[in-house]
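The values are calculated or read from the model by the stated rules, or taken from the named source; none is laboratory data. This structure is a prediction, so every number in the text was calculated from the model and none was measured. Here the Cβ positions follow ideal geometry from the backbone for every residue, glycine too, while neighbour counts run over all protein chains shown. Quick note on the areas: whole protein, heavy atoms, side chains included, nothing else; ligands and nucleic acids left out. Shrake-Rupley method; radii C 1.70, N 1.55, O 1.52, S 1.80 Å.
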Amino acid sequence: MHVSHLSLADFRSYARVEVPLDPGVTVFVGPNGQGKTNLVEAVGYLATLGSHRVSSDAPLVRMGADRAVIRAAVVQGERQQLVELELNPGRANRARINRSSQVRPRDVLGIVRTVLFAPEDLALVKGDPGERRRFLDELITARSPRMAAVRSDYERVLKQRNTLLKSAAMARRHGGRGVDLSTLDVWDQHLGRVGAELLAQRLDLIATIAPLADKAYEQLAPGGGPVAFEYRSSVGGGLPGVHSREELYEQLLAALLDARKQEIERGVTLVGPHRDDLVLKLGQLPAKGYASHGESWSYALSLRLASYDLLRAEGNEPVLVLDDVFAELDVRRRERLAELVAPGEQVLVTAAVDDDVPIVLAGARFAVAGGEVSRA
């Protein structure tokens with residue numbers, strides 16, 4: 001799978017830009033702040049319905065515009081599709097496939113798949129649990145686009161349950177009339193059901209990707225591992241011996257019941273996948289707090305390489321995006337990473353200077369400057 005043409009309108013710094021793309025390696029070169037990352041960010045948005053740089057859509061719309069449009073021609077084998085997303089901050093986004101009538105934005109998931117390497121990836125190792133949960137959930141959705149609906153349902157139920165708990169907590173603190181909590185059991189069941197599905201998918205992913213990440217780390221930093229994962233659930237421990245969704249559902253319900261008094265006091269849901277963490281281990285120790293800067297980079301890169309290997313093995317090779325990564329790496333890691341990704345069907349690279357890009361990544365070059373993208 002590869003993107004053969006990218007078109008942007010009022011996206012980030014671009015009023016309008018058209019970029020023809022070929023399979024193989026394409027490098028966007030230009031000084032910082034000229035819009036290189038904006039191009040690959042747009043490709044990534046098509047794959048995930050989100051940005052790797054910001055948490056909302058508003059910064060993606062060019063100043064002075066009220067919407068932005070991302071359009072891409074995507075080739076998979078003999079099939080070509082045109083996918084379009086219209087970003088409308090404060091309103092519902094819109095989507096089209098092959099210029100047909102509008103579809104839901106999440107219906108475009110799976111047409112473009114990406115694995116993105118970026119300086120922000122260091123947060124996977126050194127950052128908060130939310131970074132690792134997002135990594136798991138985005139990869140789950142890349143594997144199975146239907147999980148976008150499950151994630152959306154979970155967030156909706158969680159929001160409704162938190163609203164109820166917050167109202168109860170406020171009433172208790174101010175000595176007012178008690179809030180009717182008779183519906184809390186119903187929300188528990190909804191949260192348990194969708195939470196169990198999300199948990200099951202995460203646990204399956206971890207079991208599948210762990211050996212791939214260990215292999216990737218050995219390729220990047222020979223002799224430096226092994227790497228391993230431990231899933232820490234708010235349900236308790238690492239969920240040992242739990243396999244079926246029904247078992248996960250029952251454990252979630254029991255944990256919610258145990259935590260109910262504390263949740264009512266605090267006004268927030270304390271149990272569920274939104275409170276979990278993926279502990280990344282290097283040897284016998286957690287990487288966070290113990291791994292050096294170089295080891296942390298190698299670990300983060302190994303997670304992305306493992307993601308790429310997994311998606312490729314499942315039949316639809318993703319676009320590899322390396323956003324200003326080589327400037328962050330020493331020469332040894334730079335060369336090793338380049339050798340590993342060079343055979344990809346499509347590899348998009350951004351760099352401030354051409355010399356940052358290893359020779360093995362020879363391919364098309366575009367110069368990016370002053371809002372213009374031109375073939376070098």
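Figure note: E339, E345 ranked by solvent-accessible area, largest first, 1.4 Å probe, ligands and nucleic acids not counted: E339, E345.
Per residue, the range 188-281 exposes 44 Å² of accessible surface when a 1.4 Å probe is rolled over the protein heavy atoms with every protein chain present. Take the chain, connect every pair of alpha-carbon atoms lying under 10 Å apart with a spring to form a Gaussian network, then pick out the residue of R332, R202, R91 with the largest mean-square fluctuation. Answer for the Gaussian network model of the chain: R91. By a 1.4 Å probe calculation restricted to protein chains, V357 has an accessible surface near 10 Å², given to the nearest 10.
Ranked by the mean number of other Cβ atoms within 10 Å of their residues, highest first, the peptides 109-118, 290-299 fall in the order 109-118, 290-299.
For the range 252-376, the antiparallel share of DSSP beta bridges with both residues in that region comes to about 60%. Counting only protein chain heavy atoms and rolling a 1.4 Å probe, the accessible areas of H52, H190, H5 rank, largest first, as H190, H5, H52.
Bridge orientation summary for the chain: considering DSSP beta bridges with both residues in this region, about 70 percent are antiparallel.
Of the residues E263, E197, E18, ranked by 1.4 Å probe accessible area with the largest first, the sequence reads E18, E197, E263. E372 sits among other residues whose Cβ lies under 13 Å from its own Cβ, and their net charge, with Lys and Arg +1 and Asp and Glu -1, is +2. Let a ≥ b ≥ c be the square roots of the eigenvalues of the Cα gyration tensor of the range 1-114; is it rounded (a/c under 1.5), or, if not, prolate (a/b larger than b/c) or oblate? Verdict is oblate for the range 1-114. Given the options P222, P358, P286, which has the most mean-square fluctuation in a GNM of the chain, springs set between C-alpha atoms less than 10 angstrom apart? Top of the fluctuation ranking is P222.
Other residues with beta-carbon under 15 Å from the beta-carbon of V103 carry, at +1 per Lys or Arg and -1 per Asp or Glu, a net charge of +4. Find the centroid of the Cα atoms in the range 2-65 and in the range 319-338, then give the distance between the two in whole Å. After rounding, the separation between the Cα centres reads 20 Å.
For Cα pairs less than 8 Å apart in space and 6+ apart in sequence, what is the mean separation divided by the residue count of the range 253-324, i.e. the relative contact order in percent? Relative contact order here is 13 percent.
Here is the tail figure for the range 283-376: Cα pairs spaced more than 22 Å apart come to 38 percent of all pairs. Between the entries [x] 4, 20, 26, 25, 18, 6, 1, 0; [y] 5, 20, 23, 18, 15, 12, 6, 1, 0; [z] 5, 22, 29, 25, 14, 5, 1, 0, the label attached to P(r) over Cα pairs in 10 Å bins from 0, in percent calculated for this structure is [z]. GNM remark for the chain: springs join alpha carbons under 10 Å apart, and the peak mean-square fluctuation among A338, A313, A42 falls on A313.
For the range 15-128, the relative contact order comes to 20 percent (Cα pairs under 8 Å, sequence separation of at least 6).
Only Cα pairs under 8 Å and 6+ residues apart enter the sum, and on that basis the relative contact order of the chain stands at 25 percent. Neighbours of P119 by Cβ distance under 11 Å: Lys/Arg scored +1, Asp/Glu scored -1, total -4. For the range 89-167, the per residue solvent-accessible surface stands at 48 Å², with DNA, RNA and ligands left out and a 1.4 Å probe. Apolar share of the accessible surface for the range 143-297: 51 percent from carbon plus sulfur atoms, 1.4 Å probe. Counting only protein heavy atoms and a probe of 1.4 Å, the accessible surface of the range 23-65 is 52% carbon and sulfur.
Size descriptors for the range 189-285: radius of gyration and Dmax over Cα atoms are 16.0, 50 Å.
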